[in-house]
Amino acid sequence: MDLIIFLVFVGGAYLIGQHIEKSHYKEIEKKESACLHIPSVTSKKIVNLDEVLDAKLVFGNVVISGDYFKMIVASLLNFFGGRVTPYEKLLDRARREAILRMKQDASSMDADMIINTRFEMSKLDSMARGGGGTGMFEIIAYGTAVKLAKK
Amino acid sequence: MDQKKKGDKMIVTNIDAVPGKNIVEHYGIVQGSTVRAKHVGVDCIAGCQNTFGGELKGYSTLLEESRKEAITRMEQQAGHLGANAVINVRFGTSTITQGASEILAYGTAVKVE
């Protein structure tokens, strides 16, 4: 009986987790194509600073967590080693979402570009009293939004 | 010439210069931090969402607010020193105890002209 409950729990987590992941990827792709006019680069020497009219620190953050299915797959993979694909996808989603939020922040000041983009990540697991070790992360992307003088 | 001047707004960037301006004075490092905890309700919802994965909106907003607060405190500290810009800003986050995390923002306070 316990096993059935366990399987239902894991199966449910898998199905719902997959659904959330797919719809999130769709949303990310849609938003990414809408934000193409504000490129974000990691370099800071890409623009001539004399041509910059305005600069502001912008950031975007996402707190994301894994599910029970991911946790179990990860613990199995931990035994054999190798790539932990479920978590790779999770972190990829979170980073892209953080960049999109940073771009949204930048579009409020009509920025042309975000330079010196940096990522920061921290594990927040012990923040959730109810969370059962599925892994909870905060990802933040930040950079300097610049407005260039029009030629 | 000064038509673009917007009062005494603090300029914050994470590059090592302020575009269009020259740094005339350094005041050293300034920092702002805040320790935040979310109430039990949001914590419980996050615990449930943890089962299925995905984004935890409650925590996202909590940490976004905290980060803004940390930046504001850093700006205040820079203001006390007489600076009008903070450059090379970096962020850090760490978990202090269960349910609370510290958000830190730090950078170099400078005077620009």
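Step by step: first the residues of the range A:30-52, then only those that are charged (D, E, K, R) and buried (at least 16 other Cβ atoms within 10 Å of the Cβ), then the one that is nearest to residue B:18 (Cα to Cα). Which residue is that? Reasoning before the result, please.
We begin by selecting, within the range A:30-52, every residue charged (D, E, K, R); these are A:30-32, A:44-45, A:50-51.
With the extra rule that they be buried (at least 16 other Cβ atoms within 10 Å of the Cβ), the set shrinks to A:31, A:44.
Working: A:31: 30, A:44: 12 Å.
Once the filter is applied, the top-ranked residue is A:44.
Among the candidates A:101, A:83, A:118, A:93, which residue alone is touching a residue at least 40 places away in the same chain (Cβ under 8 Å), closer than 30 Å to residue A:6 by Cβ and among the charged types (D, E, K, R)?
Values: A:101 fails: closer than 30 Å to residue A:6 by Cβ; A:83 fails: touching a residue at least 40 places away in the same chain (Cβ under 8 Å); A:118 fails: closer than 30 Å to residue A:6 by Cβ.
Checking each option against the conditions leaves just A:93.
Of the residues that sit in the range A:69-105 and are surrounded by 17 or more Cβ atoms within 10 Å (Cβ to Cβ) and touching a Cys at 6+ places or on another chain (Cβ under 9 Å), which one is nearest to the other protein chains (Cβ to nearest Cβ)?
Among those that are surrounded by 17 or more Cβ atoms within 10 Å (Cβ to Cβ) and touching a Cys at 6+ places or on another chain (Cβ under 9 Å), it is A:100.
If only one of B:75, B:102 is within 13 Å of another protein chain (Cβ to nearest Cβ) and either among the hydrophobic types (A, V, I, L, M, F, W, C) or part of a strand (DSSP E or B) (or both), which one is it? So that I can check it myself, show each step before the final result.
Values: B:75 fails: either among the hydrophobic types (A, V, I, L, M, F, W, C) or part of a strand (DSSP E or B) (or both).
Just a single option satisfies the conditions, and that option is B:102.
Return the pair list, or none, for Cβ contacts closer than 9 Å from residues in the range A:1-20 that are modelled with pLDDT of 85 or more to residues that are exposed (fewer than 14 other Cβ atoms within 10 Å of the Cβ) and in a helix (DSSP H, G or I), at least 6 apart or on different chains.
Close Cβ pairs satisfying both conditions: none exist.
Within the range B:57-72, can you find the residues that are within 10 Å of another protein chain (Cβ to nearest Cβ), under 11 Å from the mean Cα position of the chain (by Cα) and among the aliphatic types (A, V, I, L, M)?
B:63, B:71, listed by residue number.
Which one of these does residue B:106 not meet: (1) farther than 24 Å from residue A:99 by Cβ; (2) at pLDDT 90 or above?
If we test residue B:106 against (1) farther than 24 Å from residue A:99 by Cβ; (2) at pLDDT 90 or above, just (1) comes out false.
Scan the range B:11-61 residue by residue and report those that are farther than 19 Å from residue B:109 by Cβ, aliphatic (A, V, I, L, M) and either at pLDDT 85 or above or in contact with a Leu (Cβ under 6 Å, 6 or more places away or on another chain) (or both).
Going through the range B:11-61, the residues farther than 19 Å from residue B:109 by Cβ turn out to be B:35-61.
In the following step, the residues that additionally are aliphatic (A, V, I, L, M) were identified as B:35, B:37, B:40, B:42, B:45-46, B:56.
Correct list: B:35, B:46.
Could you list, in sequence order, the residues of the range A:63-116 that are in a helix (DSSP H, G or I), farther than 27 Å from residue B:48 by Cα and among the polar types (S, T, N, Q)? Explain how you work it out, then say what you get.
Just the residues of the range A:63-116 that are in a helix (DSSP H, G or I), to begin with: A:68-80, A:85-107.
Cutting the leftovers down to farther than 27 Å from residue B:48 by Cα gives us A:79-80, A:102-107.
Matches in the range A:63-116: A:104, A:107.
For residues that are without any contact (Cβ under 8 Å) to a residue 12 or more places away in the chain and at positive phi, tally how many sit in the range B:18-35.
The first filter runs over the range B:18-35 and keeps only residues without any contact (Cβ under 8 Å) to a residue 12 or more places away in the chain, leaving B:19-20.
Adding the requirement that they be at positive phi leaves B:20.
The qualifying residues number 1.
The values are calculated or read from the model by the stated rules, or taken from the named source; none is laboratory data. Values in this document were obtained by computation on a predicted structure and should not be read as measured data. Methodologically, a virtual Cβ is constructed for each residue, glycine included, from the backbone with ideal geometry; neighbour enumeration extends over all protein chains shown.
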